[in-house]
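The values are calculated or read from the model by the stated rules, or taken from the named source; none is laboratory data. Quick caveat: nothing in here was measured; it's all calculated off a predicted structure. Cβ placement follows ideal geometry from the backbone for every residue including glycine, while neighbour counts extend to all protein chains displayed.
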Amino acid sequence: MFIVLLGAPGSGKGTVGKIIAEDLKLAHISTGDLFRENLKNETELGKEAKQYMDKGELVPDEVTIKMLKERLNKADVENGAVLDGFPRTKNQAISLDNMLNQTKAKVDMALNIEVPFDEIVERIANRRSCRGCTEIYNVVFNPPKTEGICDKCGGELYQREDQKPEVVKNRLKVYSESAEELINYYENAKILYSAKAGDKVGKTSYDVAKDVEEYIKNK
Ligand code: AP5
Ligand code: MG
């Protein structure tokens, strides 16, 4: 089973994605995390991606699609995966369909997480990520037990490079430019599910994950 997560930067794709993947025993694949891992290991791919990530631009399709394809071939994807942050363009969506088609698999659900932009800016500013296991925290809504330390693995918590306000602004702009065509793509395929998830209005990440699991069960 393959579930794709759509939604603006900071909408909670990583947070919801980790819950769903664990509950449904699927791999959790975040293309952003894969790029950051490459950056940390100073690979050629990481160096190339950095130029775009630092500005909040999308990494070119051919680079991203090739990386995703390699990741999908790993053993832990046998039962399927939650794809967090891929696809981000219609071209990526079509490539994904073609890749999955080769093994007679398909995208079963596209979850679109909707959060008001003003709330997103605050969320991203309050986010801390684990350098070790990529766990996500929010210093206001979901703080770690010990400040600066990951509850799960004891790793160091940090603020991502692309959390700078001017980069976040551009990431939201880039998202707005491509969101509609992706939403339409999955709406036409009749597998789109939209959830309003905000702390002030709407659902928590656990509510959204429960909705997804219900949708999949009734499919
Ligand atoms: P990526 O790492 O995917 O970043 P993003 O899409 O900008 O999203 P984020 O990871 O910032 O947010 P999220 O939606 O995961 O939210 P989170 O769960 O952390 O991509 C980074 C870059 O890599 C891109 O800019 C691009 O350059 C490149 N890239 C990646 N994929 C690509 C692709 N396919 N093609 C081309 N380029 C690509 O939550 C945010 C905060 O909110 C946290 O603090 C969390 O605790 C909190 N929170 C979550 N849910 C809730 C809730 N319900 N209520 C209150 N707080 C909540
Ligand atoms: Mg994320």
Checklist entry - If you take the residues of the stretch 185-207 that are part of a helix (DSSP H, G or I) and out of contact with any Gly (no Cβ under 7 Å at 6 or more places or on another chain), which of them is nearest to ASP61 (Cα to Cα)? => result TYR185
Checklist entry - Here are ALA49, ALA81: which of them is touching a Phe, Trp or Tyr at 6+ places or on another chain (Cβ under 7 Å), modelled with pLDDT of 95 or more, more than 20 Å from VAL208 (Cβ to Cβ) and not hydroxyl-bearing (Ser, Thr, Tyr)? => result ALA49
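Going through ASP108, ASP84 one at a time, which residue ends up being under 27 Å from ASP207 (Cα atoms) and either touching a Gly at 6+ places or on another chain (Cβ under 7 Å) or of a type in the set (S, T, N, Q) (or both)?
Numbers: ASP108 fails: either touching a Gly at 6+ places or on another chain (Cβ under 7 Å) or of a type in the set (S, T, N, Q) (or both).
None of the other options fit; the residue is ASP84.
Can you tell me which residue among LEU34, LEU58 is assigned to a loop (DSSP other than H, G, I, E, B) and within 9 Å of ligand 1 (Cβ to nearest atom)?
Working: LEU34 fails: assigned to a loop (DSSP other than H, G, I, E, B).
Step by step, each of LEU34, LEU58 is checked, and only LEU58 is assigned to a loop (DSSP other than H, G, I, E, B) and within 9 Å of ligand 1 (Cβ to nearest atom).
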Checklist entry - Hey, any hits in the stretch 165-184 for a residue that's closer than 14 Å to MET109 by Cβ, in a helix (DSSP H, G or I), acidic (Asp, Glu) and out of contact with any strand residue (DSSP E or B) (no Cβ under 8 Å at 6 or more places or on another chain)? => result no
Checklist entry - Are any residues in the stretch 1-25 among the charged types (D, E, K, R) and closer than 19 Å to ILE124 by Cβ, and if so, which ones? => result LYS13, LYS18
Checklist entry - What are the residues in the stretch 68-102 that are in contact with a helix residue (DSSP H, G or I) (Cβ under 7 Å, 6 or more places away or on another chain) and over 19 Å from ILE3 (Cβ atoms), if any? => result ASN91
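To keep it simple, each residue is scored yes or no on (1) assigned to a loop (DSSP other than H, G, I, E, B); (2) not charged (D, E, K, R).
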site: ILE113; (1), (2): no, yes
site: ARG123; (1), (2): no, no
site: SER129; (1), (2): no, yes
site: CYS133; (1), (2): yes, yes
site: LYS145; (1), (2): yes, no
site: GLY154; (1), (2): yes, yes
site: LEU157; (1), (2): no, yes
site: ASP162; (1), (2): no, no
Checklist outcome for this item: Checked pairs for the stretch 79-101, first over 21 Å from TYR175 (Cβ atoms), second assigned to a helix (DSSP H, G or I) and away from ligand 2 (no atom under 16 Å from the Cβ), C-beta under 7 Å and 6 or more apart or across chains, list as MET99/LYS69; MET99/LEU72
Checklist entry - For residues in the stretch 75-92 being assigned to a helix (DSSP H, G or I) and closer than 17 Å to SER30 by Cβ, which is nearest to the chain's Cα centre (by Cα)? => result GLN92
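Can you confirm whether GLU70 is surrounded by fewer than 16 Cβ atoms within 10 Å (Cβ to Cβ) and in a loop (DSSP other than H, G, I, E, B)? Talk me through it step by step, then tell me what you get.
Working: surrounded by fewer than 16 Cβ atoms within 10 Å (Cβ to Cβ): yes; in a loop (DSSP other than H, G, I, E, B): no.
Answer is no for this residue.
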Item to check | Considering residues of the stretch 1-27 that are buried (at least 20 other Cβ atoms within 10 Å of the Cβ) and part of a strand (DSSP E or B) only, the residue farthest from ligand 2 (Cβ to nearest atom) | outcome: PHE2
